[in-house]
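Participant: Following this message is one structure expressed as structure tokens.
The values are calculated or read from the model by the stated rules, or taken from the named source; none is laboratory data. As the structure is a computational prediction, the values presented were derived from the model and not from experiment. As a convention, Cβ positions derive from the backbone with ideal geometry for all residues, glycine included, and neighbour counts pool all protein chains shown.
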Amino acid sequence: MKTSKFIAAGLIAAFMLAMAPKPMALADGAASTRNILLGGAAAAAAALIIINHNKQVHAKYAADAQQQAALAEQANNSQAAAQQYKVAYQHEVAVASALKQQVALQQTQINKLNAAVAAISPPGSNFVAAKPVAMAPVSGANSPQVVSYGWGTF
Amino acid sequence: MIARRLIIACVLAVGLAACSQSHANDPTALATSVAQALYNNDYSGVTTNFDDALKGQATRTQVAMISDKMHALGDFQGLTLTKSDDDTRRYWFDAKFSKGAMTVELKLHANGQIAAYRIVPAS
């Protein structure tokens, strides 16, 4: 019961985060980059909560079924034991399926983040460029470089 | 009387137009307006005076990223011209923030449009 309340609260919080109006871009640029990704992250978090909940439920059912099967075996009731093992197997299949979903969702998030990083400095763009320091302090060795951000070349 | 009013209106209109174009002849004002727009995460303000090539390159995400870097240094306090090369129309500025500084590099076309604009965080 407590777990259900916690999950419900988490889901509500995640959906509220996803549905909340975005802060004015001009009001605070400090969080601007984060804001671009925030909506998607909140939706993914909600999906992960659901998947994780399903996984835990099926894992518990599988454990219960295993226990029932063991008890049935002890009572020499092979038919009931077989039935319980089948139930346990089905729940374990569901757990595996939930894990697959979780991995797929996480991969989707990774792909989105990769795309966001690529969008910041796409191939051929010099938005992020290494720039040699005008006055290197010492000769030889590796000349220090700094990064510049912007558009166009000098 | 009407003719005089018309002349005054024309003079005022020309004055206003000149004020609106004043950035084109003032690299510091131009660089400051772009820096302020970057700080405000204002994409259209950033690209207003960019040439067509630069307008095609700049994205909202890039503007937001620079805005984040600027906000990490605190309040924007303006630019100071530190070096210039009028022959190549290249200008360097020190951008001051309440908690640090950056270098801003600006290159202009003859028509006053921005050919390049880069910021270099202090190392």
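Participant: Within the stretch B:99-123, track down each residue that is farther than 14 Å from residue B:50 by Cβ, within 13 Å of another protein chain (Cβ to nearest Cβ) and of a type outside the set (A, V, I, L, M).
Facilitator: Answer for the stretch B:99-123, where residues must be farther than 14 Å from residue B:50 by Cβ, within 13 Å of another protein chain (Cβ to nearest Cβ) and of a type outside the set (A, V, I, L, M): B:99, B:103, B:105, B:121, B:123.
Participant: Within the stretch B:28-57, can you find the residues that are of a type in the set (A, V, I, L, M, F, W, C) and either closer than 21 Å to residue B:68 by Cβ or buried (at least 17 other Cβ atoms within 10 Å of the Cβ) (or both)? Before you say what the answer is, go through the steps one by one.
Facilitator: First, pick out the residues of the stretch B:28-57 that are of a type in the set (A, V, I, L, M, F, W, C): B:29-31, B:34-35, B:37-38, B:46, B:50, B:53-54.
Answer for the stretch B:28-57, where residues must be of a type in the set (A, V, I, L, M, F, W, C) and either closer than 21 Å to residue B:68 by Cβ or buried (at least 17 other Cβ atoms within 10 Å of the Cβ) (or both): B:30, B:31, B:34, B:35, B:37, B:38, B:46, B:50, B:54.
Participant: Same structure, new question: Among B:65, B:70, which is assigned to a helix (DSSP H, G or I), under 15 Å from residue B:97 (Cβ atoms) and not basic (Lys, Arg)?
Facilitator: Numbers: B:65 fails: under 15 Å from residue B:97 (Cβ atoms).
Answer to the check: B:70.
Participant: For the condition at pLDDT 90 or above, crowded, with 17+ Cβ neighbours inside 10 Å and of a type in the set (A, V, I, L, M, F, W, C), what is the one hit in A:72, A:88?
Facilitator: A:88
Participant: Sticking with this structure for a sec: I'd like to check something: does the stretch A:129-138 contain any residue that is surrounded by 11 or more Cβ atoms within 10 Å (Cβ to Cβ) and either assigned to a helix (DSSP H, G or I) or at pLDDT 80 or above (or both)?
Facilitator: In the first step, residues of the stretch A:129-138 are kept if they are surrounded by 11 or more Cβ atoms within 10 Å (Cβ to Cβ); the result is A:129, A:131, A:133, A:136.
Narrowing the set further to residues that are either assigned to a helix (DSSP H, G or I) or at pLDDT 80 or above (or both) leaves A:129.
Yes, the conditions are met somewhere in the stretch A:129-138.
Participant: While we're looking at this one, here's another question. The conditions are (1) within 18 Å of residue A:148 (Cβ to Cβ); (2) more than 11 Å from every other protein chain (Cβ to nearest Cβ), and residue B:78 fails exactly one of them. Which is it?
Facilitator: Here residue B:78 meets the rest and fails (1).
Participant: Which residues, counting only those in the stretch B:86-96, are of a type outside the set (A, V, I, L, M), under 15 Å from residue B:118 (Cβ atoms) and more than 10 Å from chain A (Cβ to nearest Cβ)?
Facilitator: Correct list: B:89, B:91, B:93, B:94.
Participant: I need the full set of residues from the stretch B:44-75 which are in contact (Cβ under 8 Å) with a residue 12 or more places away in the chain, at the interface with another protein chain (Cβ under 10 Å from one of its Cβ atoms) and of a type in the set (Asp, Glu), in order please.
Facilitator: Hit for the stretch B:44-75 is B:51, nothing else.
Participant: Spot the failing condition for residue B:13; the list is (1) facing chain A (nearest Cβ under 10 Å); (2) at pLDDT below 90, and only one is missed.
Facilitator: (1)
Participant: Output the residue which, of all residues in the stretch B:76-115 that are among the hydrophobic types (A, V, I, L, M, F, W, C) and without any contact (Cβ under 8 Å) to a residue 60 or more places away in the chain, is surrounded by the fewest Cβ atoms within 10 Å (Cβ to Cβ).
Facilitator: Step one: of the stretch B:76-115, the residues among the hydrophobic types (A, V, I, L, M, F, W, C) are B:76, B:79, B:81, B:92-93, B:95, B:97, B:101-102, B:104, B:106, B:108, B:110, B:114-115.
With the extra rule that they be without any contact (Cβ under 8 Å) to a residue 60 or more places away in the chain, the set shrinks to B:76, B:79, B:81, B:92, B:97, B:101-102, B:110.
Details: B:76: 20, B:79: 25, B:81: 15, B:92: 20, B:97: 18, B:101: 14, B:102: 22, B:110: 7.
Only one residue fits best here, namely B:110.
Participant: Separate question: Test residue B:46 against the criterion of being of a type in the set (A, V, I, L, M, F, W, C), closer than 27 Å to residue A:112 by Cβ, at pLDDT 95 or above and not in a strand (DSSP E or B), and give yes or no.
Facilitator: When the stated conditions are applied, residue B:46 passes them.
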